[in-house]
Protein chains: 2
Amino acid sequence: MDIKPFLDYIKQYVELTPGEESILLLKVKVRKYLKGQFVVQNGDICRHESFVLAGCLKTFYIDNEGQEHIIMFAIENWWTADLGSFITQTPADLSVQCLENSELVQIHYNDLQQLYLEIPKLERFFRVILQKAFVAAQKRIINNFSLSATKRYMQFREQYPKIEQRVPQYMIASYLGITKEFLSKIRSLLSLQKDE
Amino acid sequence: MDIKPFLDYIKQYVELTPGEESILLLKVKVRKYLKGQFVVQNGDICRHESFVLAGCLKTFYIDNEGQEHIIMFAIENWWTADLGSFITQTPADLSVQCLENSELVQIHYNDLQQLYLEIPKLERFFRVILQKAFVAAQKRIINNFSLSATKRYMQFREQYPKIEQRVPQYMIASYLGITKEFLSKIRSLLSLQKDE
């Protein structure tokens, strides 16, 4: 698979010289995963930041009662990792699993530290995408506090229209923090309103 | 007030030369706020990143029903802002208000963009603190999903022991997303357990 979407993504934020691009490409690897395979399993150390070239993945947490809570989805042009595990290089609380056959560009932790030294503008790149990720996470905290489940679902559909067609409903319910029965009720009510 | 804690904080992450330190100090301002004053009001554009030299602040969101939801507290050596508003320079959804007389080191948005060019290692500094902030926000999402209110309160007490003594109980209830009556019940139960 062509790695061009990865380079195009970076170029939205920083301009790399041909020399810098070559250094970067020497440090990244493209890896294929099958549906059901894990990119990170909780308890292991998350060694890579992964950029999605193709596929769909979920990041989730399993609580003490064995209940799965989906923290985020990732599709083409998204990043995925257990960032807490990655930055501290300690065992992951989260797992990342493929919901479809997926193809990822991966950067190993050690290589990334080296890349920061060799291509300092990558500091800027990751600073900027982290800002966006932080704001999105904070927005989710606010929505969970202040929006009804119906409004959260409508916002989910607006923000991630492409994900909903690729992900089973019970996972969307998990992401929204509601039961799949309740999600089904919300969907029925919304479709009734649409028909009126 | 001495600005040294601000420089010490930065030095934990990056080493500045005396020249770089001088450039930085020309761009930051120390500002005092009285208890009750706002650093950011929702609807205004958040123009500054603020580092707390002294004091205590809350960052909060007011929902459509007029209900206040506390997103975070900030005390000495913490940063505060509506980061979403700051990075996009669009009107803030959040407000930041002083719970005590406070003294902040503030960096204006335009000055920070200039500083990134003049002192590229500040990119690294902000990348690293953003990583930590993102992981903390994600942890909060996970806890809200998977921990009981009692466990979330116990974790809050552990993580922020200094804040609890400075902040009224009803604000802690707002931060935890529960009523103050429920928080009061949790506190009674925990103190009974302690006495047993």
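The values are calculated or read from the model by the stated rules, or taken from the named source; none is laboratory data. Worth saying up front: this structure is predicted, and the values here are computed from it rather than measured. Here the Cβ positions follow ideal geometry from the backbone for every residue, glycine too, while neighbour counts run over all protein chains shown. Just the protein is used for accessible areas: all its heavy atoms, side chains included, with ligands, DNA and RNA removed. Shrake-Rupley method; radii C 1.70, N 1.55, O 1.52, S 1.80 Å.
Criterion first (open to solvent by less than 50 Å² (accessible area, probe 1.4 Å), closer than 25 Å to B:P18 by Cα and not aromatic (F, W, Y)) does B:I87 satisfy it? Here the answer is no, as B:I87 does not meet what is asked. Looking at the stretch A:164-172, can you tell me whether even one residue there is among the hydroxyl-bearing types (S, T, Y), away from chain B (no Cβ under 13 Å) and open to solvent by less than 50 Å² (accessible area, probe 1.4 Å)? The answer is no, given that none of the residues of the stretch A:164-172 is among the hydroxyl-bearing types (S, T, Y), away from chain B (no Cβ under 13 Å) and open to solvent by less than 50 Å² (accessible area, probe 1.4 Å).
Among the strands (runs of 3 or more DSSP E) confined to the stretch A:1-81, the ones with at least 1 residues that are farther than 30 Å from B:L147 by Cβ are located at A:28-33, A:48-54. For the stretch A:114-157, name all the residues that are more than 8 Å from every other protein chain (Cβ to nearest Cβ), in contact with a Lys or Arg (Cβ under 6 Å, 6 or more places away or on another chain) and within 21 Å of A:K11 (Cβ to Cβ). Within the stretch A:114-157, A:L115 is the sole residue that qualifies. Condition check for B:I142 on (1) over 29 Å from B:G43 (Cβ atoms); (2) open to solvent by 30 Å² or more (accessible area, probe 1.4 Å): one failure, at (2).
Output the residue which, of all residues in the stretch B:94-119 that are assigned to a loop (DSSP other than H, G, I, E, B) and open to solvent by 10 Å² or more (accessible area, probe 1.4 Å), is farthest from B:C56 (Cα to Cα).
Per the criteria, the residue is B:N101.
Look at (1) touching a Leu at 6+ places or on another chain (Cβ under 8 Å); (2) open to solvent by 20 Å² or more (accessible area, probe 1.4 Å); (3) under 21 Å from A:Q67 (Cα atoms) and you find that A:F182 fails only one, number (1). Scanning the stretch B:25-57 for residues that are open to solvent by less than 60 Å² (accessible area, probe 1.4 Å), within 14 Å of another protein chain (Cβ to nearest Cβ) and of a type outside the set (V, I, T) yields B:C46, B:E49.
Among the residues of the stretch B:2-21, those that are closer than 18 Å to B:E49 by Cβ and not aromatic (F, W, Y) comprise B:I3, B:P5, B:L7, B:D8, B:I10, B:K11, B:Q12, B:V14, B:L16, B:E20, B:E21.
Note on the stretch A:60-84: residues that are more than 23 Å from A:L7 (Cβ to Cβ) and either acidic (D, E) or touching a helix residue (DSSP H, G or I) at 6+ places or on another chain (Cβ under 9 Å) (or both) amount to 15.
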